[in-house]
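K.L.:
This is the structure I want to talk about, given as C-alpha cells.
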Amino acid sequence: MSHTEKTILVFPFGPPASIEFAKACQSQGHTVIGASSLTLEPTKELASGWLRLPFFNAHDFTERLLAGLKELDIDEIYCCHPLVYEKINDICATETTRASLISNNGWQDDLTSFRSAEALVNLYHSKSSSCKLARAQITPIYYQTLKIPGWCSTEKIAAFIDVFDSVPKGDIIEIGVWCGKSATALAMLSRHFGQGNLLCIDPWANTNTFQEEDEGVNKAMLTFDMDEVWRHFICNMLALVPNHINYIRAASAAAHAKYAENLRIKTVEFGETQYAGRIALLHIDGNHDQKIVSQDLRNWCPHLTQNGWLVIDDYVHAWGQGPRIVADAFLSEHRDDILQSFVSGSALFIQMKNPVSPRLWT
C-alpha cells in the first residue's frame, strides 16, 4: 500500500452518510472496512472487508473494537452516529491505538439541506418579497430542489416563487427537464396556487443536447447515461406530486405536435393527465442553439394565455448566445405586448399581455 492509501473503518456502515463516505474513499483508492452490530446488514457487500462489533454500550465493545483496529491495521475510523462517535472518541483518548477518529458532526450533517433551505428563504424572501406563500410553504420548495442534480439556480427558483401568484390558470410547460430540479419547483408551486397541470418535455437523449456553438458541451453530454437521468426525473416526480404531472419523452417540436393534437397525455408512470391547451407559464430550457430556441418560441408561444409568463433560461450564458439573440429579438418585436420583464439568475422572465406568434429567427 502506498503512503497515500489508507485503511478506513466505517462504523456503523448501514446509514446513507456512511455509504456515501465509503464510496468516496474507495474512489480515492482507500480500503474501506465496514462494521456493524446488526446480525443482518445487507450493505455488507459494498465494503472491502467486514468487522462484526457488539453494540457500543456492550461491556466488551472497547476490547472488541481495539482488537479489530489492530488486526485490520486501521488508519482511520469514520462514525456518523453521534452517540457511538462519543464512545469511540473516549476510547481513542484513553486507549493506545494508531487509528484516528475522523471528526464529523454526527447527525447534524443530515440537517444541512434543511438549514440551507431556510437560509435561502431568508435571503430571497424578506419582507420586501412579493411572494404570497408562508415561510413554511416556501422552505420545502428549496429543500426538495437542493437535493436534485441540475443547473437551475436558486435565483431562478426564487423568481418562480415570487411571480407564481400572478400566473393565470392554465398548463405549466417545461421544455428541457434533466432530473427535474426546476420541474419540482414548478410542480409544487402549481399545487400551492392551483393553476393547472405540469407537462415536462425532454427527449432524454445525448444527441438532442448537442449545440453548434460549443463542442465542449457536446463532449460533456456524452458522459451522461440519459436513461439514468430520465429515471432520476421519474423518481423525483413520483416521490413528490405525481397527481398533476406528466411528460413527453421527445424533442420539443415533436412534443408540440402531440400536445396540439391531443391534450390527454398518458404514460405508464403517471397515467393519464388532462391539459387545458392554454399555457399559463412556459419555461424554455431545451437545446440552446439559436434555431431551436426560435422554433420553441414559434411553436409554443401562441398557446400562452392572457397574462401568461414566458421564461427563457440561459439568457445570460457562457456556452452560447442562442437564447439571448432570440430573446432580444422577441423583446423588440413584442415590446407592446409585454406587461413586464426582468432577469433573475441566468433566466429572462417575461409576462405577456396577450398570446403572440413570433417569427422564426435563425
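K.L.:
If you scan the stretch 321-343, which residues turn out to be more than 15 Å from CYS301 (Cβ to Cβ) and surrounded by 13 or more Cβ atoms within 10 Å (Cβ to Cβ)?
P.N.:
Selection gives GLN321, GLY322, ARG324, ILE325, ASP328, VAL343.
K.L.:
Further question: Picking from CYS131, CYS179, CYS152, which residue would you name as being at pLDDT 95 or above, part of a loop (DSSP other than H, G, I, E, B) and out of contact with any Leu (no Cβ under 6 Å at 6 or more places or on another chain)?
P.N.:
CYS179
Matching residues to (1) among the aliphatic types (A, V, I, L, M); (2) open to solvent by less than 30 Å² (accessible area, probe 1.4 Å); (3) touching a helix residue (DSSP H, G or I) at 6+ places or on another chain (Cβ under 8 Å):
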| site | (1), (2), (3) |
| --- | --- |
| ASN122 | no, no, no |
| VAL163 | yes, yes, no |
| VAL167 | yes, yes, yes |
| TRP178 | no, no, yes |
| SER182 | no, yes, yes |
| ARG191 | no, no, yes |
| ASN197 | no, no, yes |
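K.L.:
Determine whether the stretch 239-253 contains at least one residue that is over 22 Å from CYS301 (Cα atoms), modelled with pLDDT of 95 or more and not in a helix (DSSP H, G or I).
P.N.:
No.
K.L.:
Just the residues that are out of contact with any Lys or Arg (no Cβ under 8 Å at 6 or more places or on another chain) and either assigned to a loop (DSSP other than H, G, I, E, B) or at positive phi (or both), please, taken from the stretch 134-149.
P.N.:
ALA134, LYS147
K.L.:
Further question: Can you work out which of the residues in the stretch 334-362 that are part of a loop (DSSP other than H, G, I, E, B) and polar (S, T, N, Q) is farthest from LEU282 (Cα to Cα)?
P.N.:
THR362
K.L.:
Provide a single number: the residues in the stretch 271-322 that are in contact with a Leu (Cβ under 6 Å, 6 or more places away or on another chain) and over 24 Å from SER166 (Cα atoms).
P.N.:
Looking only at that region, the number is 1.
K.L.:
Find the residue count for the stretch 289-312, including only residues that are in contact with a Pro (Cβ under 9 Å, 6 or more places away or on another chain) and open to solvent by less than 10 Å² (accessible area, probe 1.4 Å).
P.N.:
8
K.L.:
Still on this model: Conditions: (1) surrounded by fewer than 21 Cβ atoms within 10 Å (Cβ to Cβ); (2) of a type in the set (Val, Ile, Thr); (3) over 30 Å from PRO15 (Cα atoms). ILE157 meets all but one. Number of the miss?
P.N.:
Just one mismatch for ILE157, condition (1).
K.L.:
Criterion first (more than 22 Å from ILE141 (Cβ to Cβ), open to solvent by less than 60 Å² (accessible area, probe 1.4 Å) and out of contact with any strand residue (DSSP E or B) (no Cβ under 9 Å at 6 or more places or on another chain)) does ALA260 satisfy it?
P.N.:
no
K.L.:
Test LEU331 against the stated conditions and say whether it is within 20 Å of GLN295 (Cβ to Cβ), part of a helix (DSSP H, G or I) and either modelled with pLDDT of 95 or more or out of contact with any helix residue (DSSP H, G or I) (no Cβ under 6 Å at 6 or more places or on another chain) (or both).
P.N.:
Yes, satisfied.
K.L.:
Identify all residues within the stretch 110-120 that are surrounded by 12 or more Cβ atoms within 10 Å (Cβ to Cβ) and either in contact with an Asp or Glu (Cβ under 6 Å, 6 or more places away or on another chain) or modelled with pLDDT under 90 (or both); write none if there are none.
P.N.:
Once the filter is applied, which keeps residues that are surrounded by 12 or more Cβ atoms within 10 Å (Cβ to Cβ) and either in contact with an Asp or Glu (Cβ under 6 Å, 6 or more places away or on another chain) or modelled with pLDDT under 90 (or both), the stretch 110-120 yields ASP110, SER113.
K.L.:
Here's something else I'd like to know. Name the pairs whose Cβ atoms lie under 6 Å apart, with the first residue in the stretch 170-182 and farther than 16 Å from ARG231 by Cα, the second buried (at least 24 other Cβ atoms within 10 Å of the Cβ) and charged (D, E, K, R), and 6 or more positions between them or separate chains?
P.N.:
Qualifying pairs under 6 Å: ILE175/ASP296.
K.L.:
Would it be correct to say that LYS70 is at pLDDT 95 or above and either among the charged types (D, E, K, R) or surrounded by fewer than 16 Cβ atoms within 10 Å (Cβ to Cβ) (or both)?
P.N.:
Against the criterion (at pLDDT 95 or above and either among the charged types (D, E, K, R) or surrounded by fewer than 16 Cβ atoms within 10 Å (Cβ to Cβ) (or both)), LYS70 qualifies.
K.L.:
If we scan the stretch 54-61, do we find a residue that is modelled with pLDDT under 90 and under 22 Å from ASP110 (Cα atoms)?
P.N.:
There is no residue in the stretch 54-61 that is modelled with pLDDT under 90 and under 22 Å from ASP110 (Cα atoms).
The values are calculated or read from the model by the stated rules, or taken from the named source; none is laboratory data. A quick note: this is a predicted structure, and the numbers were derived from the prediction, not measured. Positions of Cβ are generated from backbone atoms using ideal geometry, with glycine treated the same way; all protein chains shown enter the neighbour counts. Each accessible area value is taken on the protein alone, full model and side chains, heavy atoms only, with ligands, DNA and RNA left out. Shrake-Rupley method; radii C 1.70, N 1.55, O 1.52, S 1.80 Å.
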